[in-house]
Each structure stands twice: as structure tokens, then as C-alpha cells.
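First comes the structure, then the notes that go with it.
Nothing in this text is a laboratory measurement; each read-out follows from the coordinates by a stated rule. It should be emphasised that the depicted structure is a prediction, and the values quoted were computed from it without experimental measurement. Quick reminder, even Gly has a Cβ in these numbers, built from the backbone with ideal geometry, and neighbours come from all protein chains shown.
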Amino acid sequence: MKIEGECAPRFAAVREAFAANFAAGREVGASFAASVDGRLVVDLWGGFADAAGTRPWERDTILNVWSVTKAMTSLCAHVLVDRGLLDLDAPVAEYWPEFAAAGKESLPIRHLLTHQAGLAAIRAPLPRDAFYDWSCMTTAIAAEAPWWEPGSASGYHALTFGFLVGEVVRRITGRTLGTFLREEVTAPLGADFHIGLPEGDDARVAEMIPPTATETAAAGSQAQIDPESMLGKLMRNPLVTPPMANLPAWRRAEVPAANGHGNARSVVRVLSALACGGTLDGQRLIGAETIARAIEPQWTGRDLVLNIPMCWALGFMRSSPVLALGPNPRAFGHGGWGGSLGIADPDGRVAWAYVMNKMSPGTTGDWRAAGMLAALYAAR
């Protein structure tokens, strides 16, 4: 398999680790990028953008990165915090009055970002295409009663997270989350990342490839979702499946928890700014003090939805003994369904991202990026 792209000589082992995944049959198409001190030092891609192996993965190939999107959505909220437009301790209802229903009148903004709001799933049956109807989703969420006492526990809001945070952003700015991200973050940085993909970009989107039945069976219990669990409930109403990512309707919609489209380079471009104090190439996104507050651990314990120990900051996953995001303890970012990762390390001033179209089974436990990560820091 020919590996394309650029890699600074001292990071040659990163290229070797990236190539090894293809040689072992673990990849169809993928990209990996990393920056140090805001400078791109690794930018690699290879393989195919489709399951049939007819479309080579190109430099500008992008794909759905699932929950890596949450890092971008969280950043938008913290940009508003930095500008004094959003108070994390204020009630959500102060910005979104309808949210006060079902006893949520005092629920603070910070609980949305820490997955502590108790709104991981929706009880009322929703139409199959509800994800494509912003008003439908936000109206249902505003009417929902929490599944647990807000603030008492954390449970991954896998899909509702984006509508919750996105609606607050919309109420404050008058812009959709995707528009705000484009105008205030990605366009100023020149980052090729989108929430709500223009039709003209469809030709360069890689096909998402779900795990096979054999791969799922081999993964055992961690790949099985109990339909009566909270994870099962949130994945069924409305139904979300990997093939949805290949539909034009999914690409056009704004699902700010799960349908961001980009590649490793574009994710690193944004996270480089966060790893370097909030400013990159003279473009200030956010202040260093705001970043420091945003990544302070808010909840450490067993996640009620994922059923694994997690360390949550304000919208970001934090590195922990169970989920190591690098050698430095303040590393933060987000992973995505199937294996994608986007991480910023403010102590090392490093950012790195790995995205691929062959999804691993289950919601956790993909280690394909481990070799690249180890090689990156060994050369650092």
C-alpha cells in the first residue's frame, strides 16, 4: 500500500506505524496528521475512499468523523464564554426559555457540556428523519424530563449533546452551530471541516464502512448493545446506523454531536490552536485562560451510558488511566464512533488526529492509532 503525504524526517517511525495498519489489513482508507508548536510535522493518507477499492484516498478526501465533531461543538461554546456571551453557571433556560419544562428550569449550561444533564435519550417516539429537522429535535429535548438527577452522574449524550449545545449557540448568536463554526473557527484558520456539508463536496467524501458480522462477533460483549440500556435507547430514537453517514441527507444536516466532515489535517489545524494557547498563525480563537478552565476535569467515574470509567471536562474527553490520550496528563479532545480521534496536548504543544473509513466494532476499544501516537512522542 502506497502511503502518500509528508512526514518530517525525525517522524519517519510515524509513517511506518501508519503503513503497518494497512499491511496488517486493519484499514481501507485513513489519514493521520500531527503538529508541534503549531507546525504540521506529519500529514499522511493512504488506501481507498470506498469499500470496493476503486477510489484512491486523496489529499482532500474527507469523511464523517462521528463524535470527534463534539470537540468542534464544544469549542464554539467556549468561544462564546471567552467573549463574555455565555455563562456556564447560568441556567440553560436563561438562553432557551422552552428548556425550563419538566423541572429543568435551574439546570446549568455546564451540565450540558459534562454529559450530566440527564438528557441522553428521548422518551417520545421520533420520526426516522428527525435528525434532519432541527426544530423537531430541539423541541423534543426541551420537553424531555431528565433520566437521572442532573449533576448527580454523567452519562454520554452521544447524539443529544450537539442539539443541546447547538441550540444555546443559536439562541445567543442567531446562527446555526455549523455556520458559527465556519465563520468564527474554520474559515479564519483555513480548516477543511464542516458541520452541514455543501453538496459540491460529496464527490470527495469517503464511504463509511461498518464492521462485518464476523468482526462484531469477534469483539464480544463490548460490541453488543442492549436495546433496553440507555445506549440502546438513544441509538434507536431516532435510529442511527453507520450507513446513515453515506446518505446525502445526513451530510446536509447539522448534527453537531456526530456529523462533522473533515480529515486528520483539518482536525489538527483546529486543535493546534487549542494546544498553543488559543492562537495559531496570528489568528486568535480563544484565550489561554478560557482553555484552561474548559479542560479542567468536571466528572471522573463510571459513565452511565458507556459503562466505562470516563474523565469529562467541559465538552472534552480528558486523558485518564483508562483512556490514555498521550503521555501528558492534560491532553484532551474527543474520539468518534469506529475509531477516529482528535487530541490536543497543551503541555507538549502537540495536536494529532487519526480518521478512517473502516469502522471498528463497538463504541470503545479501537487501538489503531496507538502505534502512531507512540512513534510521534518518541520522536518529539
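Over all projection directions, the Cα-based convex hull of the range 1-133 averages an area of 12.7 nm². Compactness of the range 259-380 was expressed as the Cα radius of gyration divided by 2.2 N^0.38 Å, which yields 1.04.
Across the range 234-380, Cα pairs under 8 Å and at least six residues apart give a relative contact order of 18 percent. Placing pseudo-labels 7 Å out from each Cα toward the beta carbon at THR279 and ARG26 gives an inter-label distance of 3.9 nm. Among the trypsin sites (Lys or Arg not before Pro) in the range 254-286, none sits in a DSSP loop with a Cβ that has at most 16 other Cβ atoms within 10 Å. Computed across the range 148-246, the Kirkwood hydrodynamic radius from all distinct Cα-Cα pairs reaches 16.9 Å. The separation of the range 16-43 from the range 221-254, counted between C-alpha centres, amounts to 27 Å. Against the main long axis of the alpha-carbon atoms of the chain, helix 134-143 sits at an angle near 50°. Multiplying the residue separation of ALA8 and SER152 by 0.36 nm and subtracting their alpha-carbon distance yields 47.1 nm.
Summarising the amide proton neighbourhood of GLY260: residues at separation of 5 or more, or on other chains, whose placed amide H is nearer than 5 Å comprise VAL65, TRP66, THR69. Bridging of LYS2 to lysines at a Cα separation below 21 Å is possible for LYS358, once same-chain residues fewer than 8 apart are set aside. The lysines within cross-link reach of LYS233, meaning a Cα-to-Cα straight distance under 24 Å and a gap of 8 or more places when in the same chain, are LYS70, LYS104.
The C-alpha atoms of the range 196-268 occupy a region whose extents along the principal axes are 39, 25, 24 Å, arranged from largest to smallest. Between SER106 and ASP87, full extension at 0.36 nm per residue minus the direct alpha carbon distance yields a gain of 5.5 nm. Of interest is the spacing of the C-alpha centroids, which for the range 156-216 and the range 98-146 amounts to 19 Å. Cα axis of helix 69-82 to longest principal axis of the chain: angle in degrees, 0 to 90, nearest 10? On a 0 to 90 degree scale, this one is about 60.
The stretch between ARG175 and SER135, if pulled fully straight at 0.36 nm per residue, gains 13.0 nm over its current Cα-Cα span. For the range 241-254, putting each phi into the Karplus relation 6.51 cos²θ - 1.76 cosθ + 1.60 with θ = phi - 60° gives couplings of 9, x, x, 4, 5, 8, 8, x, 4, 5, 5, 6, 5, 10 Hz, in residue order, rounded to whole numbers and with x for Gly and Pro. Taken over the chain, the percentage of Cα pairs per 10 Å bin, counting from 0 up to the bin with the maximum distance, is 5, 26, 36, 25, 7, 1.
Once every DSSP H run of n ≥ 4 in the chain is given -39500 (n - 2.57) and the sum is divided by its residues, what mean residue ellipticity at 222 nm do you get, rounded to the nearest 500 deg cm²/dmol? Don't skip to the answer; put the middle values down first.
Values: 13 runs with 112 residues, N = 380.
It comes out at -8000 deg cm²/dmol, rounded to the nearest 500.
Let me make sure I get this right: for the range 158-205, a, b and c are the square roots of the gyration tensor eigenvalues over alpha carbons, sorted descending. Under 1.5 in a/c it's rounded, otherwise prolate if a/b > b/c, else oblate. Which is it? Note, shape of the range 158-205 comes out oblate.
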